[in-house]
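The values are calculated or read from the model by the stated rules, or taken from the named source; none is laboratory data. Everything numeric in this text was worked out from a predicted model, so none of it was measured. Please note: Cβ atoms are built from the backbone with ideal geometry, for glycine as well, and neighbour counts cover all protein chains shown.
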Amino acid sequence: MFDKFGEFNSAEELNKAAEGLKEEGDTKSLLELAKENGIDEEDAQDYIDDCVEELCNTKMAALGKLKVENQELKLKGIMEDWISYIENQIAENEAVAAAVRKKGKSLEGCIAELLKWSFKNQKPVPQKVMKAAGVSANKCTLGIPGMGQAKKIIKEYYLGKQV
């Protein structure tokens with residue numbers, strides 16, 4: 001995943017690496033750095049062309065990391081919704097955006113926390129609902145967190161238990 005340049009702990013670290021490559025005139029590596037970190041090629045080209053002062057800001061760096069991690073995990077279903085919740089938290093909260101970029105924090109770890117909560121909080125599905133759904137099992141449980149609970153779990157994972 002972060003094979004060539006390694007995992008960066010912040011947008012600042014990522015921007016320093018980009019600055020060094022730009023100063024060396026190594027635009028090929030700069031474009032590779034951007035791609036490896038989920039930064040759009042157009043944004044990298046804007047940086048190369050001096051249209052912007054930095055390769056990325058905190059939110060771009062966080063969204064880029066999520067993008068790269070999800071390309072590897074290939075999450076589907078409700079987990080795609082959870083990614084949207086993380087993206088919303090990044091957009092709304094600069095501290096969450098910075099925390100998403102931190103080494104040791106990952107989409108995999110965050111989804112694992114949501115999944116753990118889901119298993120711990122399973123509730124029985126009423127027989128009437130099971131029958132209407134054509135479920136013939138004697139028992140069915142479900143524990144998917146609602147949006148509010150999911151957002152709380154996401155913040156707790158990325159920011160710590162102080163949330």
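For the stretch 95-130, the candidate set comprises residues that are in contact (Cβ under 8 Å) with a residue 60 or more places away in the chain and of a type in the set (Lys, Arg); within that set, the residue that is farthest from Ile154 (Cα to Cα) is Lys103.
Residues checked against (1) within 16 Å of the chain's Cα centre (by Cα); (2) over 24 Å from Glu72 (Cα atoms); (3) loosely packed, with under 15 Cβ neighbours inside 10 Å:
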{"residue": "Phe2", "(1), (2), (3)": "yes, no, yes"}
{"residue": "Gly6", "(1), (2), (3)": "no, no, yes"}
{"residue": "Ala11", "(1), (2), (3)": "yes, no, no"}
{"residue": "Ala17", "(1), (2), (3)": "no, no, no"}
{"residue": "Gly20", "(1), (2), (3)": "no, yes, yes"}
{"residue": "Ser29", "(1), (2), (3)": "no, no, no"}
{"residue": "Lys35", "(1), (2), (3)": "yes, no, no"}
{"residue": "Glu41", "(1), (2), (3)": "no, no, yes"}
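Can you tell me which residue among Lys67, Lys59, Lys74, Lys4 is at pLDDT below 95 and within 30 Å of Ala112 (Cβ to Cβ)?
Criteria check complete, one pass: Lys4.
Number of residues in the stretch 110-125 that are loosely packed, with under 13 Cβ neighbours inside 10 Å and either among the β-branched types (Val, Ile, Thr) or closer than 18 Å to Lys151 by Cβ (or both): the value is 3. The requirement of being surrounded by 10 or more Cβ atoms within 10 Å (Cβ to Cβ), under 27 Å from Asn93 (Cβ atoms) and touching a Cys at 6+ places or on another chain (Cβ under 7 Å) is satisfied by Ile154. All conditions in (1) buried (at least 17 other Cβ atoms within 10 Å of the Cβ); (2) more than 11 Å from the chain's Cα centre (by Cα); (3) assigned to a helix (DSSP H, G or I) hold for Ala62, with the sole exception of (2).
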